Amino acid sequence: MTHKIIPVPAFDYFVFGATGDLAQRKLLPALYYRFIDGQIPQSARVIGCSRSKLDTPGYRQLAANAIRDQVKPDYLDAKLLEDFLSIISYQKIDVSDPESWCSFASVIEQTDQTNRVIVFYLSVAPSLFMPIINGLKQHNLHNNARLVVEKPLGLDLESAKNLNTILLDAFEEDRIYRIDHYLGKETVQNLMALRFANSLFEPLWNSRYIANVQITAAESIGMGGREEYYDKSGAMRDMVQNHLLQLLCLSAMEPPISYDANGIRDEKLKVLRSLQPYSGSDVGRNTVRGQYLSNDRHLSYQQEAKNPNSTTESYVAINVGINNWRWSGTPFYLRTGKRLRTNMTEISFEFRHVPHSIFGGLDTPTKPNAMVIRLQPDERIDLEIMTKEPGPGGMRLRQSILDATFDSKTNQSFRMPRAYERLLLDVVRGDQTLFMRGDEVEAAWAWVDPIIEAWQASGEAPETYEALSQGPAGAFELIAQAGHRWRTIQ
Ligand code: BG6
């Protein structure tokens, strides 16, 4: 396996929310990895911006701790870390204070920004988007700069539209980078390579040959300290509206004309617009909500949320129909949840049975083929096929797995990049292919909103499930109606 490091141009990355969890766990370590790979020039600048009383040495110390905490020991090198820290500085700002903006702007004006890519990364609560964008605009800092925003991108269609209006008021669409970090995962990009760089699969990629598609994002953790946010959002807003629908789009979309931002995003948008809309009683028939119970080691959802009456879902399963020629008749089953058996994120394409088995009398019945794209914990693509059991003893069949493993085991010198590494530098390169366009975000909310409304109108509590189990029983019944079974979370 070969890989190529192409250095990016000099940049100034202003990270608002610089002392927050995302900056410490994901952004700084991602930039460090790319720095040691030689992709980030020494002339680049990373400027942490937040309200905290810190100075540059203090922020460098925080960054060093975050990197030591998150980066694998093999990649920690004292000299390289020192070099990386030297490109980091800190700028205190209270984004709701006009005076603070004036001093922030005057510092920026004094620095030479010619021939540099300027990026503002908003790793902050959505309530701060507006004051930051207004501040940037008032001081003309937004001109020619790029803006990165993180989810939640709205709480529903209306708030998502309002947010798009605020963003577009200061930045054109081609300067707005809406992050869905699932799109930065290596295997997700591999799904596109697999589908569109091979002629083998395309003839089979439709409802005639594929019986069902299962997209699972299972986590064994609970809310992980984010109770306040999560209890207001739930699994539908937290995972389905963004990550799972994005995976569905890439699995189902038509071949784009080219691998570029609008080519891909036009096709994803078409998929979102083809989703069978659910409202009212369709919702009860096609969705299942769950909430985890306690076990001897873990609190229940309600205990963890400190909200004994919470009806927020920590689990969702949905039978999604896609109304177009390619997919009509093939259900796409989405499922995600917290406190499930283990961490497992995968997309599986289960093919139809052979039309007639010539091995009728054999003990082992043929199993349908499946292609499984595994995102986590190990990244790989498996093709499950039937083969003959080797050796004497007659014609006995068994299931074999053709394994295309992409993790670093295949080449010891290759390090599997983390999602944020790719995305952070794509912003500097000006490549929006792996970012969501505003109309995609709105189309996803337009499909999700009526489902959430129907759940709320029903007044029913979610079904419960045992902590560290496979999820609520209702989810199994949901797909058993069509003769399908969920793959085991393992
Ligand atoms: C985030 C969600 O977007 O994705 C979290 O807010 C979830 O609740 C996380 O845990 C999962 O990401 P990953 O990369 O660990 O699958």
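The values are calculated or read from the model by the stated rules, or taken from the named source; none is laboratory data. Treat the numbers as computed from the prediction; the structure is a model and nothing was measured. So basically every Cβ, Gly included, is an ideal-geometry build from the backbone, and we count neighbours across all protein chains shown. Side chains included, ligands, DNA and RNA excluded: accessible areas come from the protein's heavy atoms. Shrake-Rupley method; radii C 1.70, N 1.55, O 1.52, S 1.80 Å.
Over all Cα pairs of region 13-150, how is the pair count split among 10 Å bins, expressed in % and running from 0 up to the last occupied bin?
11, 44, 34, 10, 0
Give me the distance between the Cα centres of region 1-58 and region 210-274, rounded to whole Å.
With region 1-58 and region 210-274 each reduced to a Cα centre, they are spaced 27 Å.
Taking 8 Å as the Cα distance limit and 6 or more residues as the minimum spacing, I'd like the relative contact order of region 1-129 as a percentage.
Numbers: 175 pairs, mean separation 48.9, N = 129.
Value for region 1-129: 38 percent.
What is the sum of charges, Lys and Arg at +1 and Asp and Glu at -1, for the other residues whose Cβ falls under 10 Å from the Cβ of P131? All intermediate terms of the calculation are to be shown ahead of the outcome.
Numbers: positive: none; negative: D94, D97.
Local charge sum for P131: -2.
Compute the distribution of all C-alpha to C-alpha distances in region 12-67, in bins of 10 Å from 0, and list the percent of pairs in each, rounded to whole numbers.
Bins of 10 Å from zero give 23, 59, 17, 1 percent of pairs.
Tally Lys/Arg at +1 and Asp/Glu at -1 over every other residue whose Cβ is under 13 Å from the Cβ of R326; what's the total? Mind dumping the intermediate values first?
On the way: positive: R195, R208, K270; negative: E202, E254, E267.
Residues close to R326 contribute a combined charge of 0.
Computed over the Cα atoms, what is the radius of gyration of region 431-490 divided by 2.2 N^0.38 Å, N being its residue count?
Values: Rg = 16.6 Å, N = 60, 2.2 N^0.38 = 10.4 Å.
That ratio works out to 1.59.
Using Cα centres only, tell me the gap between region 311-344 and region 126-182 in whole Å.
29 Å
With both partners inside the chain, how many of the DSSP beta bridges are antiparallel, as a percent to the nearest 5?
Details: 40 of 73 bridges.
The answer is about 55 percent antiparallel.
Here is the link list: K72/K388; K26/K92; K4/K268. Which ones come out longer than 32 Å on Cα distance?
Numbers: K72/K388 42 Å; K26/K92 21 Å; K4/K268 28 Å.
Correct reply: K72/K388.
Strictly greater than 24 Å: what percent of every Cα pair in region 321-480 meets that? List each step's numbers first, then the result.
On the way: 7885 of 12720 pairs.
Tail of P(r) above 24 Å: 62 percent of Cα pairs.
What percentages, rounded to whole numbers, describe P(r) for the chain computed over all alpha carbon pairs with 20 Å bin width beginning at zero?
21, 53, 23, 2, 0
H181: accessible area at probe 1.4 Å, nearest 10 Å²?
Only protein atoms counted, so the area is about 50 Å².
Compute the signed sum of charges (Lys and Arg +1, Asp and Glu -1) over the other residues within less than 11 Å, Cβ to Cβ, of R208.
With Lys, Arg at +1 and Asp, Glu at -1, the net is +2.
Can you flag which of K53/K137; K185/K232; K270/K338; K232/K338; K161/K270 are past 22 Å Cα-Cα? Before the final figure, lay out the partial values.
Values: K53/K137 25 Å; K185/K232 27 Å; K270/K338 30 Å; K232/K338 15 Å; K161/K270 19 Å.
Flagged as over cut-off: K53/K137; K185/K232; K270/K338.
Once Rh for region 262-332 is found with the Kirkwood sum over Cα pairs, what is the Stokes-Einstein diffusion coefficient at 37 °C and 0.692 mPa s, in µm²/s? Present the calculation step by step, with values, prior to reporting the outcome.
On the way: Rh = 15.0 Å.
Roughly 218 µm²/s, to the nearest whole number.
I need the Kirkwood Rh of region 146-285: take the reciprocal of the average 1/r across all distinct C-alpha pairs and report it in angstrom. Mind dumping the intermediate values first?
Details: mean 1/r = 0.0573 Å⁻¹.
After inverting the pairwise mean of 1/r, the radius is 17.5 Å.
Applying the Karplus parametrisation 6.51 cos²θ - 1.76 cosθ + 1.60 with θ = phi - 60° to the phi angles of region 220-231, what ³J(HN,Hα) value in whole Hz is obtained for each residue in order, glycine and proline being reported as x?
Whole-Hz 3J(HN,Hα) from phi for region 220-231: 8, 6, x, 7, x, x, 10, 3, 4, 5, 5, 5.
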